[in-house]
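The values are calculated or read from the model by the stated rules, or taken from the named source; none is laboratory data. Everything numeric here is computed off the predicted structure, so don't read it as measured data. When we count neighbours, we look across all protein chains shown, and the Cβ atoms used for this are built from the backbone with ideal geometry, even at glycine.
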Amino acid sequence: MRGVVFTGERGLELMQFPDPAPDTHDVVIEMKASGMCGSDLHQYRRPKGQSQATGIPVNEGPVIVGHEPCGVVIAVGSAVDAKMARIGQRVMVHHYQGCTQCNHCRSGWQQLCQEVPVKVYGNNAHGGHAQYLKVPANTLVPLPDELTFSAGAAIACGSGTAYSALRRINLSGNDTIAIFGQGPVGLAATQYAKAMGARVIALDISQPRLNRAKAFGADEVVDPGSNDPVAAIKDLTHGRYADLTLDTSSNPDARLNAIRSTKVWGTMCFVGEGGDVHIDVSPHLLRRAIDAGGVMDLLQHHPGGVRTVLGRARHRRRQPLYPSLVDRSGRRGLPTVRQAGRRQGRVFDVDAISPLPRALGIGEDRR
Ligand SMILES: [Zn+2]
Ligand SMILES: [Zn+2]
């Protein structure tokens, strides 16, 4: 089979790999959709020969990328119980594998395992941008019939992370939340927070993204490029600031502004990967009793939750959100992977990979 490998400095290659066969506790999935996450861009853009700075153990060999896999089980290992996986089952993959036995692993948080170097499928172990994916059966999350494979891929990391963040900060319908960054994760957070009843202030420096945030239900939009975002949020909350804030952008200014626009006793959550922020602890946190923390996706806890929220969003006639998938419109004036695939083995630019899953021969939206 062919699989996409990021080779550094915005290069990628379609490489040939053996078709996987399941080991005892594994399954093989035929990929139907495979998303591109914002965190993939850090890998894609990294200088050649330089490893990533996200704290994930590194694998030096060529690794197939794509950590938002969704597809159908086509083979199961001899020790896989039918209750865990069966052939023909539609599944998402929670793309981490820890020791499987510690408290974190057994509570569904394999990515927090401290006992072994954590495998991250699509990062330091083969991921979903290929025709097939082999993973342990315990990483599977059933994909409800009413969700498409594309939706499953989006939920598998990007928009699942948005939902995890809203759960972590205990969002309710009483809250005003300010969401910094309206890329795929931020837009998903906007959509979900609205479906959960909150008032949403969406921030981004891109007007098209703000327009999309409006379409997904944002009550207010703010462009930090032309407004002081902290003052704008103060104004929009009658001087109280937001109950809850998220930063999905990883931008140091946005991170600090998110903290500064959180109310006294409020909660701020870091969602975007990588980079840093300078916090002046006393004025920014202590004097205002602000809770600040980070979150990653907890797919194995919340497939039902996302389904409910998406259901509500649909009920309000908002389009289901699959923003973390590669933009399939392919209208960026760049060659597609299908075109690039004809030049297999040559290095080309990932900004070109608009219809990536299709290009790999991965079906899309087929149920
Ligand atoms: Zn991701
Ligand atoms: Zn563990």
Those residues of segment 277-315 which are surrounded by fewer than 17 Cβ atoms within 10 Å (Cβ to Cβ), at pLDDT below 90 and in contact with a helix residue (DSSP H, G or I) (Cβ under 8 Å, 6 or more places away or on another chain), in sequence order: Gly293, Arg312
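Regarding Asn123, is this residue surrounded by 24 or more Cβ atoms within 10 Å (Cβ to Cβ), outside the structural domain of Asp243 (by TED's automatic domain parsing) and over 30 Å from Thr267 (Cα atoms)? Talk me through it step by step, then tell me what you get.
Working: surrounded by 24 or more Cβ atoms within 10 Å (Cβ to Cβ): yes; outside the structural domain of Asp243 (by TED's automatic domain parsing): yes; over 30 Å from Thr267 (Cα atoms): yes.
The answer is yes for Asn123.
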Filter pass, Val73 being of a type in the set (Val, Ile, Thr) and away from ligand 1 (no atom under 15 Å from the Cβ): yes
Residue selected from segment 131-165 under the condition part of a strand (DSSP E or B) and over 16 Å from the mean Cα position of the chain (by Cα), by the criterion surrounded by the fewest Cβ atoms within 10 Å (Cβ to Cβ): Pro142
Read through the list (1) within 16 Å of ligand 1 (Cβ to nearest atom); (2) surrounded by fewer than 22 Cβ atoms within 10 Å (Cβ to Cβ); (3) in a loop (DSSP other than H, G, I, E, B), then give the number of the only condition that Gly128 fails. (2)
Going through segment 218-264 in order, the residues found to be in contact with a Phe, Trp or Tyr (Cβ under 9 Å, 6 or more places away or on another chain), farther than 16 Å from Arg288 by Cα and among the small types (Gly, Ala, Ser) are Ser249, Ser250, Ala254
Would you please name the residue that is nearest to ligand 1 (Cβ to nearest atom), looking only at residues in segment 91-107 that are assigned to a loop (DSSP other than H, G, I, E, B) and either among the β-branched types (Val, Ile, Thr) or within 17 Å of the chain's Cα centre (by Cα) (or both)? His95
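Looking only at segment 114-133, decide whether some residue is within 28 Å of Met196 (Cβ to Cβ) and touching a helix residue (DSSP H, G or I) at 6+ places or on another chain (Cβ under 9 Å).
So far as segment 114-133 goes, no, none of its residues is within 28 Å of Met196 (Cβ to Cβ) and touching a helix residue (DSSP H, G or I) at 6+ places or on another chain (Cβ under 9 Å).
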Mind listing whichever residues of segment 265-276 are within 20 Å of Ala202 (Cα to Cα) and at pLDDT 90 or above? Gly266, Thr267, Met268, Cys269, Phe270, Val271
So which residues in segment 66-121 are polar (S, T, N, Q) and away from ligand 2 (no atom under 16 Å from the Cβ)? Ser78, Gln89
When segment 216-239 is examined, which residues are found to be in contact with a helix residue (DSSP H, G or I) (Cβ under 9 Å, 6 or more places away or on another chain) and not β-branched (Val, Ile, Thr)? Phe216, Gly217, Ala218, Asp219, Glu220, Asp223, Pro224, Asp228, Pro229
Return the residue satisfying two criteria in turn: it lies in segment 66-113 and is polar (S, T, N, Q) and modelled with pLDDT under 95, and of such residues it is surrounded by the most Cβ atoms within 10 Å (Cβ to Cβ). Gln110
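Taking Arg46 as the residue in question, decide whether it is modelled with pLDDT under 90 and in the same structural domain as Gly122 (by TED's automatic domain parsing).
Values: modelled with pLDDT under 90: yes; in the same structural domain as Gly122 (by TED's automatic domain parsing): yes.
Here the answer is yes, as Arg46 does meet what is asked.
Taking segment 166-176, which residues are part of a helix (DSSP H, G or I) and either surrounded by 24 or more Cβ atoms within 10 Å (Cβ to Cβ) or on the phi > 0 side of the Ramachandran plot (or both)? Steps first, please.
Residues of segment 166-176 part of a helix (DSSP H, G or I): 166-168.
Hit for segment 166-176 is Leu166, nothing else.
In segment 45-60, is there at least one residue being within 16 Å of ligand 1 (Cβ to nearest atom) and either among the hydroxyl-bearing types (Ser, Thr, Tyr) or not in a loop (DSSP other than H, G, I, E, B) (or both)?
yes
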